[in-house]
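Throughout, read-outs are computed from the coordinates displayed, never taken from laboratory work. Fair warning: this is a prediction, and the values are worked out from it, not measured in the lab. Neighbour counts run over all protein chains shown; Cβ positions are idealised from the backbone, glycine included.
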Protein chains: 2
Amino acid sequence: MAQTAASTSTLMANAIRALAMDAVQQANSGHPGAPMGMADIAVALWDRHLRHNPSNPQWADRDRFVLSNGHGSMLIYALLHLTGYALPIEELRAFRQLHSKTPGHPEVGITPGVETTTGPLGQGITNAVGLALAEKMLAKEFNRDGHAIVDHHTYVFLGDGCLMEGISHEACSLAGAWKLNKLIAIYDDNGISIDGQVAPWFIDNTAQRFEAYGWDVIGPVDGHDIDAVDAAIAQAKKSSAKPTLIIAKTHIGKGSPNRANTAKAHGEPLGAEEIKLTREQLGWNHEPFQIPAEVYAGWDAKARGAALEQSWDERFDTYATAHPELAAEFARRIAGVLPANFAQVAVDAVIAAHGKAETVASRKASQLALEAFTAALPELLGGSADLTGSNLTNTKSTPAFRVEADGSANGGRHINYGVREFGMAAIMNGVALHGGYIPYGGTFLTFSDYSRNAIRMAALMKQRVIHVFTHDSIGLGEDGPTHQSIEHVASLRLIPGLDVWRPADTTETVVAWTMAIGNAQRPSVLALSRQNLPYAPKTAVDDIAKGGYVLAEPSDAGLKKKPKGVIIATGSEVQLALQAQATLAQQGIPVRVVSMPSTNVFDRQDRDYKKAVLPEGLPRVAVEMGVSDFWWKYGVSAVVGIDSYGESAPAPVLFKHFGFTAENVVDTVKVALGVAKLKGKKR
Amino acid sequence: MAQTAASTSTLMANAIRALAMDAVQQANSGHPGAPMGMADIAVALWDRHLRHNPSNPQWADRDRFVLSNGHGSMLIYALLHLTGYALPIEELRAFRQLHSKTPGHPEVGITPGVETTTGPLGQGITNAVGLALAEKMLAKEFNRDGHAIVDHHTYVFLGDGCLMEGISHEACSLAGAWKLNKLIAIYDDNGISIDGQVAPWFIDNTAQRFEAYGWDVIGPVDGHDIDAVDAAIAQAKKSSAKPTLIIAKTHIGKGSPNRANTAKAHGEPLGAEEIKLTREQLGWNHEPFQIPAEVYAGWDAKARGAALEQSWDERFDTYATAHPELAAEFARRIAGVLPANFAQVAVDAVIAAHGKAETVASRKASQLALEAFTAALPELLGGSADLTGSNLTNTKSTPAFRVEADGSANGGRHINYGVREFGMAAIMNGVALHGGYIPYGGTFLTFSDYSRNAIRMAALMKQRVIHVFTHDSIGLGEDGPTHQSIEHVASLRLIPGLDVWRPADTTETVVAWTMAIGNAQRPSVLALSRQNLPYAPKTAVDDIAKGGYVLAEPSDAGLKKKPKGVIIATGSEVQLALQAQATLAQQGIPVRVVSMPSTNVFDRQDRDYKKAVLPEGLPRVAVEMGVSDFWWKYGVSAVVGIDSYGESAPAPVLFKHFGFTAENVVDTVKVALGVAKLKGKKR
């Protein structure tokens, strides 16, 4: 049935449908179903509620919008184009092509107006929980009576896939506990996933589920009734202490006479013939990528957006007059600029650590460093996945975050994420994306497996998120192989754009924190020991920041000769390397010890520096309590590593059992130098 | 208040409490809180309901018990010891010591009676869903009127941590959809997690949540009222079409006057003084590890267990008389023995693939192989995380698994897991642990990140679980960097005990499947292409199974010279290597092409074979669309790899953009051979 005399709102929705089906058809790849199914919801939200300024996607107090079902990317591209963002129609024509601003899934930093990169399902809603958390915390920190300079909503579109993913449970459970009343999620309840009608594998009563989390649930409403969705959003905005889920019943691929309500609409072009039929059904008689002027006019949000931002600017000016220091601090924080004294705080912390030369676990060294940094940097937002006392992520400056009965934050800034590692990581991504905070969070290194894709997403998005992974090897002892990292440090080093640090002592730990905090474009991982580590005497403190450096020459071990070999070690094994160096020196064998707290950072140094640390021609042996495969890239001739799972026993017993003794390192080095023969050891 | 005239049941519970606190104290490490809090629940289940035979932990129709909160390992060790398993008191004294049968967390294969390795929270309940699924499916497949040879329950203990983890959502949602009525979970609702009273971070209405999944929920009951828990279990066993959650309110560390109801009870020894006070409060006047004979007598389940198994044996004999072929098949399947014709099926499939020499995507080659294997092996249980049509995991022999209105299975054996990658992986672990099926399941390779820890757990547990990871590189094209694997293949290769296969064509894919199915002690990963791959002509088909082999000598490219270099390639890049070899041959440069579908398997070959494939002294170049770091272990002098994230564009555009062209491989090899100079390329 062709529509006639369509309302402006309907025309606006159909413009999205047309752009989506035509762009997917042109790319011969993509997902038309979600944009076509959610077009009416999009009109309700973007035309009637969303407070944004297409001319300034970075306006601090804009509403945040997250397309958690990121495969429906043409929905957000259409919306950004139509409302007036710097996304011309040529970019929509270049959908999914190299170097276009319209990649297959939305990517923050590529497309103006895209707040987060989505596609891996469940993470968008979780990022949104982080965005809403940051808003609530910043409001508490910066708003003053009569000055609500932080006061915006976070809206999320999500589908069945996001709701099936486990991370949605972690995130939405926390959103309820945190009373994130400005978080409004709209569920595209179309009953279809890629494998077909979801009923055989997805029977959740989602309304009941979200009520169990402490959310308000509205609906089901007809997701094609723009006024009904509009009213639901208006109602949701009134919530004072609960997030809201709006359940909207929709037809995937709506407008396509033969593909609507089928899985076929989800992830492939409709095809020329079906597109023709869809145009007829929608009464959309325009060529592909042609949008009538009145539809553009209906969508144009530039004037309204400019007025919204100007109004906020005026309010901010008033605030700045009343609270000049707060205003300056807010501007600094939102810009992601560190305090002017950051470098000095870092230097002081290194000097203090160097001076004390303490023997502590590197997780404790991390807490000591954090005491200094959290005192100086109010933007540091700590947390742990229910292992606060083990990860040592809390400090005197970071009281526990709690939510008051009225829904407001208490001003605390250490978050108990509960046993939710993946959720924590993706929420931290959302916090970082919001701006105003530098999030860090802890769990055991082994459980980086749980959060791995969110770590990857932080790297892909170039977000400053810091992971504190403690209990980093078999050195955790009795908890056994389920909890002992073997492959994790090496595996994390392989994630592009991520810096992994495994510091050996207090000074290296301070430097690792300094680098992680200072690096605005990268996430970082700190792999930290459970067990105590002796301080490694050193002079080249400045070189720690290069990721790898000469920690000790033979002369430091009392042998005045040039090194004939190099031991490369990281973290808790640096002490072993130093012990081996001393023993070898007593035997007249001069070796250098290189501490390599971050291979990623070392790899970015210039060739000359790298050659100076690892001179060509000197045999090298790596020592690390992890899989050996990683180390061959450094041209080693042997690795003292561990390529099997660990065991449950006290740590000293395990070190001996797995060959992490100075004696074994000595033997291995001697074989590498050709001064002893292999004794039938593994390497 | 000291108890007097305690009932036998109370004494039995207190025996668990005493063993737990004393073993943790002796180890000076461990978790007394959960065993002490769940001791009464354990009496209700293990003494009054659990159908098991301590003398034969492998009895096929035993009830399965999973301690999902695996840190409470002393609970199950105490139960196994007390009921009569081969776990003498000396093993409890050696709790958490090297080579004891009582490691820090329960490990299957180490301790008789432990059904799965737990500790990484949320995975135990998910394994249990797999155990219950296998039971339901086997019952459908093998039971006949009057012969219920498969008829047992799966019981789970779980705590707050498991319920917070996202994977619990995935698993329990599926358990509801699958109407796993013989799954009974008991929630240790003590309101405490490591960070303290859970209220600020865990406010879920868990009863409402599970009702939303289609579970029956019983309680809250008093978890210290043994009769009440007993009655709840009895009620749960009557369920015909729903799993049951019993919510039991408990006091963590119950019996300890000062530690009960505190997070301090969770993960550290009580200390000598508190243990003394606990003994007094419990009225337990026995030395550590001394259990009174009457308590042993109360717990002893050997006679009852032997009778239960004998009764089943008799029923099975009757069944075997009526259905001899089915009985033999059941015995084979439970034993995990492959059909006698498996080898021939594999050979036939290889010959067929070799003969056809088809150009197909390796995901399609996988489906072709699966057509043969699923037809011959009824134990192959397929599935996909909502990507069936993309992963191509289904075959003509594997209709979709569905559950009838009465709760019974339909006989299908391809499972729509929904968008639940981690859940799928851990459920497959449970299915494999149950026995009777070889599970395999698909998703995109990038989302192996979501399931990574369950893959690790399969390797640690030595379970035959097969992961079909398709869309294995930038070759997937337009979906862009969120979906393009860069570091995944290399990262997965680092997991100890896992075999990763990345086959190049149809024959390699058949062999990869053959090896994966044939390897009863290892999980396997198949990384498969989205895009078509040409057949690679070969003679050494038998060598594929060695993981790496000489695919083509210079003579195969028309140059009768000995090779002066080696190109190592995997999967979709093998064709590039062959093209480069041909170009080089035309230029008079003889190189060998080694196809390396599984580095893990190649690494296990003997030294002579490895040297024959990769002769010393010949420069080597590796070609793989993934991070280059991995390949240096093979002594390569260059890698054509990709160390950044991908882009969204058609695959051919990306190949050129990232240097995956024969020309670039040729140039790289020539530099490696010293016949050309570096042209300022990355490598």
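Candidates are the residues of the stretch B:595-646 that are part of a helix (DSSP H, G or I) and basic (Lys, Arg); the one that is nearest to the other protein chains (Cβ to nearest Cβ) is B:Lys633.
Between B:Ile76, B:Ile41, which is in contact with a strand residue (DSSP E or B) (Cβ under 6 Å, 6 or more places away or on another chain), closer than 21 Å to A:Gly480 by Cα and not in a loop (DSSP other than H, G, I, E, B)? I'd like the intermediate steps shown before the answer.
Working: B:Ile41 fails: closer than 21 Å to A:Gly480 by Cα.
Step by step, each of B:Ile76, B:Ile41 is checked, and only B:Ile76 is in contact with a strand residue (DSSP E or B) (Cβ under 6 Å, 6 or more places away or on another chain), closer than 21 Å to A:Gly480 by Cα and not in a loop (DSSP other than H, G, I, E, B).
Filtering B:Ala322, B:Ala335 for residues that are of a type in the set (Gly, Ala, Ser) and over 27 Å from B:Asn519 (Cβ atoms) leaves a single hit, B:Ala322.
Within the stretch B:207-231, the set of residues being surrounded by fewer than 20 Cβ atoms within 10 Å (Cβ to Cβ) and among the hydroxyl-bearing types (Ser, Thr, Tyr) is empty.
Table: residues versus (1) touching a Gly at 6+ places or on another chain (Cβ under 8 Å); (2) not polar (S, T, N, Q).
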site	(1), (2)
A:Ala552	no, yes
A:Arg604	yes, yes
A:Val639	no, yes
A:Ser648	yes, no
A:Pro652	no, yes
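Count of the stretch A:472-499 residues, restricted to those that are away from chain B (no Cβ under 12 Å) and under 25 Å from A:Leu381 (Cα atoms), is 2. Quickly run through the stretch B:413-422 and pick out the residues that are touching a helix residue (DSSP H, G or I) at 6+ places or on another chain (Cβ under 6 Å), touching a residue at least 40 places away in the same chain (Cβ under 8 Å) and either charged (D, E, K, R) or not in a helix (DSSP H, G or I) (or both). Selection gives B:Tyr417, B:Gly418, B:Arg420. Of all residues in the stretch B:391-398, at least one satisfies being within 14 Å of chain A (Cβ to nearest Cβ), aliphatic (A, V, I, L, M) and either touching a strand residue (DSSP E or B) at 6+ places or on another chain (Cβ under 8 Å) or surrounded by fewer than 21 Cβ atoms within 10 Å (Cβ to Cβ) (or both).
Criterion first (within 24 Å of B:Asp603 (Cβ to Cβ), among the aromatic types (Phe, Trp, Tyr) and not in a helix (DSSP H, G or I)) does A:Phe660 satisfy it? For A:Phe660, the condition - within 24 Å of B:Asp603 (Cβ to Cβ), among the aromatic types (Phe, Trp, Tyr) and not in a helix (DSSP H, G or I) - is met. Looking at A:Gly214, A:Gly166, can you tell me which residue is touching an Asp or Glu at 6+ places or on another chain (Cβ under 9 Å) and at positive phi? It is A:Gly214.
Scanning the stretch A:282-299 for residues that are exposed (fewer than 15 other Cβ atoms within 10 Å of the Cβ) and in contact (Cβ under 8 Å) with a residue 12 or more places away in the chain yields A:His286, A:Pro292, A:Glu294.
Any idea how many residues of the stretch A:120-169 are farther than 23 Å from B:Ala426 by Cβ and part of a loop (DSSP other than H, G, I, E, B)? Lay out the reasoning, then the answer.
Filtering the stretch A:120-169 down to residues farther than 23 Å from B:Ala426 by Cβ leaves A:124, A:127-159.
Now narrow it down to the ones that are part of a loop (DSSP other than H, G, I, E, B): A:143, A:145-146, A:148-153, A:159.
Going through the stretch A:120-169 one residue at a time, the tally reaches 10.
Residues are listed down the side, and each one gets a yes or a no for (1) among the charged types (D, E, K, R); (2) touching a helix residue (DSSP H, G or I) at 6+ places or on another chain (Cβ under 8 Å):
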| residue | (1), (2) |
| --- | --- |
| B:Ala236 | no, no |
| B:Pro269 | no, yes |
| B:Glu273 | yes, no |
| B:Ala297 | no, no |
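Residues of the stretch A:49-96 that are surrounded by 19 or more Cβ atoms within 10 Å (Cβ to Cβ), among the polar types (S, T, N, Q) and either more than 25 Å from the chain's Cα centre (by Cα) or farther than 26 Å from A:Leu163 by Cβ (or both): A:Asn53, A:Thr83.
Under the condition of being acidic (Asp, Glu) and over 17 Å from B:Gly70 (Cβ atoms), which residue from the stretch B:184-199 is farthest from the chain's Cα centre (by Cα)? Within the stretch B:184-199, the match that is farthest from the chain's Cα centre (by Cα) is B:Asp195.
Taken over the stretch B:588-611, the residue count meeting the criterion of being touching a residue at least 60 places away in the same chain (Cβ under 8 Å) and either closer than 18 Å to B:Pro554 by Cα or crowded, with 20+ Cβ neighbours inside 10 Å (or both) is 8. Number of residues in the stretch B:11-48 that are charged (D, E, K, R) and surrounded by fewer than 24 Cβ atoms within 10 Å (Cβ to Cβ) equals 2.
The rows are residues; the columns are (1) within 8 Å of another protein chain (Cβ to nearest Cβ); (2) in contact (Cβ under 8 Å) with a residue 40 or more places away in the chain; (3) under 23 Å from A:Ser451 (Cα atoms); (4) not polar (S, T, N, Q).
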| position | (1), (2), (3), (4) |
| --- | --- |
| B:Ile167 | yes, yes, yes, yes |
| B:Trp178 | no, yes, no, yes |
| B:Ala185 | no, yes, no, yes |
| B:Asp188 | no, yes, no, yes |
| B:Ile194 | yes, yes, yes, yes |
| B:Phe202 | yes, yes, yes, yes |
| B:Gln208 | yes, no, no, no |
| B:Gly214 | yes, no, no, yes |
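Regarding A:Asp505, is this residue within 19 Å of the chain's Cα centre (by Cα), buried (at least 24 other Cβ atoms within 10 Å of the Cβ) and of a type in the set (Asp, Glu)? So A:Asp505 does not fit the description; no.
Being in contact (Cβ under 8 Å) with a residue 60 or more places away in the chain, assigned to a helix (DSSP H, G or I), among the β-branched types (Val, Ile, Thr) and more than 14 Å from chain A (Cβ to nearest Cβ) is true for just one of B:Val345, B:Val350. Which residue is that?
Values: B:Val345 fails: in contact (Cβ under 8 Å) with a residue 60 or more places away in the chain.
Answer to the check: B:Val350.
Somewhere in the stretch B:98-105, is a residue surrounded by 24 or more Cβ atoms within 10 Å (Cβ to Cβ) and aliphatic (A, V, I, L, M)? No: the stretch B:98-105 contains no residue that is surrounded by 24 or more Cβ atoms within 10 Å (Cβ to Cβ) and aliphatic (A, V, I, L, M).
For A:Arg456, the requirement of being within 12 Å of chain B (Cβ to nearest Cβ) and over 21 Å from A:Ala520 (Cβ atoms) is not met.
So how many residues does the stretch B:418-427 have that are at the interface with chain A (Cβ under 7 Å from one of its Cβ atoms) and of a type outside the set (D, E, K, R)?
Residues flagged as at the interface with chain A (Cβ under 7 Å from one of its Cβ atoms) and of a type outside the set (D, E, K, R) within the stretch B:418-427 amount to 4.
Of the residues making up the stretch B:101-143, those that are more than 14 Å from chain A (Cβ to nearest Cβ) and over 19 Å from B:Tyr437 (Cα atoms) are B:Pro112, B:Gly113. In the stretch B:653-667, the residues that are over 23 Å from B:Val636 (Cα atoms) reach residues that are assigned to a helix (DSSP H, G or I) with C-beta atoms within less than 8 angstrom, at least six apart or across chains, in these pairs: B:Leu654/B:Ile474; B:Leu654/B:Gly475. Listed by position, the helices (runs of 4 or more DSSP H) inside the stretch A:292-342 whose residues that are charged (D, E, K, R) and under 32 Å from the mean Cα position of the chain (by Cα) number at least 3 are A:302-322, A:324-335. The one condition from (1) closer than 24 Å to B:Gly122 by Cβ; (2) β-branched (Val, Ile, Thr); (3) crowded, with 23+ Cβ neighbours inside 10 Å that B:Val403 does not meet is (3).
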